[in-house]
Amino acid sequence: MTLLPVAEAQARVLALGRPVDGVQVPLHDALNRWAVAPVVARRTQPAADLSAMDGYALRFADLPGPLHVIGESAAGAPFAGAIDAGQAVRIFTGAAMPAGADTVLVQEEAARDGATLTLGGEGPAHVGRNVRRRGLDFHEGDVLVDVGQRLTPARLAVAATGGVARVAVARPVRVALAATGDELVEPGTPGDALPESNRLLLRALLADMGVEIVDLGILPDRLDTLTHAFATVDADVLVTTGGASVGDHDLVRPALAAAGTTLDFWRIALRPGKPMLAGRRGDMAVVGLPGNPVSAFVTALLFVRPLVAHLAGATQPFATVSRALLGEDLPANGERTDYLRAELRDGRAVASTVQDSSMLRTLARSTCLIVREPHAPAARAGDSAEILMIA
């Protein structure tokens with residue numbers, strides 16, 4: 001059976017989901033969500049010509065003076081009149097320029113004796129120096145945030161400055177999480193049974209995306225129980241972990257089928273994470289992740305986060321790939337795309353010695369994943385490599 005390439009699998013996973021409806025929310029509730037309508041400025045910034053420095057507003061043609069200081073302009077308390085030839089107004093950073101003034105002489109280059117002002121240094125090099133012109137940042141009607149852009153702190157700030165109080169974003173994507181396996185217990189349970197960590201891991205991976213979590217808990221390896229849970233859950237995305245391979249107790253695939261799920265693909269050319277599956281039940285996208293926690297982490301990073309971002313309106317849902325120099329040699333790669341846990345040491349990516357997909361401690365120590373394409377040749381220390389930052 002030919003394994004599905006990662007990029008093709010990612011595209012097919014995105015196609016399984018249905019973008020969710022948009023809602024209007026206050027700016028303070030919009031952090032890290034995606035705009036589903038343009039955020040348009042309702043005012044011009046700055047709304048008037050402003051001083052960029054503390055100093056004196058004057059006419060450039062009147063320099064080097066002397067000039068007569070006739071008043072003061074401060075932020076929120078502008079000078080009410082206008083200046084004529086030979087006049088200046090004391091002005092402070094952010095204050096409105098008086099009518100008639102076209103330049104600001106900074107106070108360090110000014111010499112003042114009472115109301116008389118003269119040039120005390122080199123002075124401004126040209127007309128308009130130290131003035132922030134009206135609309136320097138943006139004008140009323142300008143698009144401040146495009147559809148599909150994430151509402152970062154800076155984008156929320158520019159929206160607020162643009163006079164916007166509410167923005168259109170997708171409603172929270174409803175994500176159901178289910179761990180499967182008779183061997184699993186909740187963390188803190190006495191005894192030697194395996195504490196289940198994948199639901200916590202997935203919650204943490206999605207925490208910055210404003211999702212609504214439906215926790216289905218730990219489901220036993222029983223076909224009837226799994227089928228009922230999968231058939232009755234109400235979510236935009238169902239994410240399962242474990243039970244997706246070919247063992248006698250791997251019942252996720254038959255349970256999904258019995259619940260009415262149409263399987264799109266199973267198994268991809270990925271290490272770790274080969275037995276991942278994806279499909280759809282009605283309008284709900286279904287992603288079955290491996291049970292090994294490192295495999296679950298990598299597949300969630302590559303598939304679940306982009307799917308949720310896509311449903312929430314993101315135009316660029318995938319994680320940004322960067323580059324780093326390798327700190328050590330790497331052997332040639334096999335037929336699957338490999339994501340090696342690694343640390344950045346002195347700016348170089350050093351892969352962990354052991355890459356077993358059950359080893360969470362290695363993942364916890366890692367700050368990035370080194371991406372190795374299928375059949376990549378051996379690499380030497382100092383070669384450039386693609387990385388995904390994870391910490």
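Against the list (1) over 27 Å from ALA37 (Cβ atoms); (2) surrounded by 22 or more Cβ atoms within 10 Å (Cβ to Cβ), the condition GLY313 fails is (1). Could you please let me know if VAL13 is closer than 17 Å to LEU263 by Cα and not charged (D, E, K, R)? Answer is yes for this residue. In segment 309-338, the residues that are at positive phi and modelled with pLDDT of 95 or more form Cβ pairs under 7 Å with partners that are part of a loop (DSSP other than H, G, I, E, B) and open to solvent by 60 Å² or more (accessible area, probe 1.4 Å), at six or more places apart or across chains, as follows: GLY313/PRO19. Residue count for segment 45-91, restricted to those that are closer than 30 Å to VAL143 by Cα and touching a residue at least 60 places away in the same chain (Cβ under 8 Å): 9.
Return a yes/no flag: does segment 85-98 have any residue that is of a type in the set (D, E, K, R), open to solvent by 40 Å² or more (accessible area, probe 1.4 Å) and either within 15 Å of GLU72 (Cα to Cα) or at pLDDT 95 or above (or both). The answer is yes, given that some residue of segment 85-98 is of a type in the set (D, E, K, R), open to solvent by 40 Å² or more (accessible area, probe 1.4 Å) and either within 15 Å of GLU72 (Cα to Cα) or at pLDDT 95 or above (or both).
For segment 260-310, the candidate set comprises residues that are part of a loop (DSSP other than H, G, I, E, B), over 22 Å from LEU184 (Cβ atoms) and in contact with a Pro (Cβ under 9 Å, 6 or more places away or on another chain); within that set, the residue that is least open to solvent (accessible area, probe 1.4 Å) is ALA269. The conditions of being exposed (fewer than 15 other Cβ atoms within 10 Å of the Cβ) and closer than 17 Å to ALA379 by Cβ are met by THR353. Taking first residues from segment 277-292 that are farther than 18 Å from SER358 by Cβ and partners that are polar (S, T, N, Q) and not in a strand (DSSP E or B), the Cβ contacts under 7 Å between residues at least 6 apart in sequence or on separate chains come to GLY279/THR261; ARG280/THR261; ARG281/THR261; VAL286/THR261.
Of everything listed in (1) aliphatic (A, V, I, L, M); (2) open to solvent by 50 Å² or more (accessible area, probe 1.4 Å); (3) under 24 Å from LYS274 (Cα atoms); (4) modelled with pLDDT of 95 or more, the single unmet condition for MET359 is (4). Of all residues in segment 20-45, those being within 19 Å of the chain's Cα centre (by Cα), aliphatic (A, V, I, L, M) and part of a loop (DSSP other than H, G, I, E, B) number 5. Evaluate segment 32-43: report whether one residue or more is in contact (Cβ under 8 Å) with a residue 24 or more places away in the chain, open to solvent by less than 20 Å² (accessible area, probe 1.4 Å) and over 30 Å from ALA285 (Cβ atoms). Scanning segment 32-43 turns up at least one residue that is in contact (Cβ under 8 Å) with a residue 24 or more places away in the chain, open to solvent by less than 20 Å² (accessible area, probe 1.4 Å) and over 30 Å from ALA285 (Cβ atoms). In this structure, ARG348 does not qualify as under 20 Å from ALA269 (Cβ atoms) and surrounded by 15 or more Cβ atoms within 10 Å (Cβ to Cβ). Kindly provide the set of residues from segment 328-359 that are under 27 Å from THR2 (Cβ atoms), over 25 Å from the mean Cα position of the chain (by Cα) and among the charged types (D, E, K, R), ordered by number. Selection gives GLU335, ARG336, ASP356. Return the residues of segment 318-333 that are open to solvent by less than 80 Å² (accessible area, probe 1.4 Å) and out of contact with any Pro (no Cβ under 7 Å at 6 or more places or on another chain); say none if nothing qualifies. Across segment 318-333, the qualifying residues are ALA319, VAL321, SER322, ALA324, LEU325, LEU326, GLY327, LEU330. Taking segment 146-242 and the helices (runs of 4 or more DSSP H) fully enclosed by it, the elements with 2 or more residues that are farther than 20 Å from VAL36 by Cα and open to solvent by less than 40 Å² (accessible area, probe 1.4 Å) are at 198-206, 223-232. With a requirement of 2 or more residues that are within 17 Å of ALA52 (Cβ to Cβ), the strands (runs of 3 or more DSSP E) lying completely within segment 72-140 that satisfy it span 87-91, 103-106.
The values are calculated or read from the model by the stated rules, or taken from the named source; none is laboratory data. Since we're looking at a predicted model, the values are computed, not measured. All Cβ positions, glycine included, derive from the backbone under ideal geometry; neighbour counts span all protein chains shown. Side chains included, ligands, DNA and RNA excluded: accessible areas come from the protein's heavy atoms. Shrake-Rupley method; radii C 1.70, N 1.55, O 1.52, S 1.80 Å.
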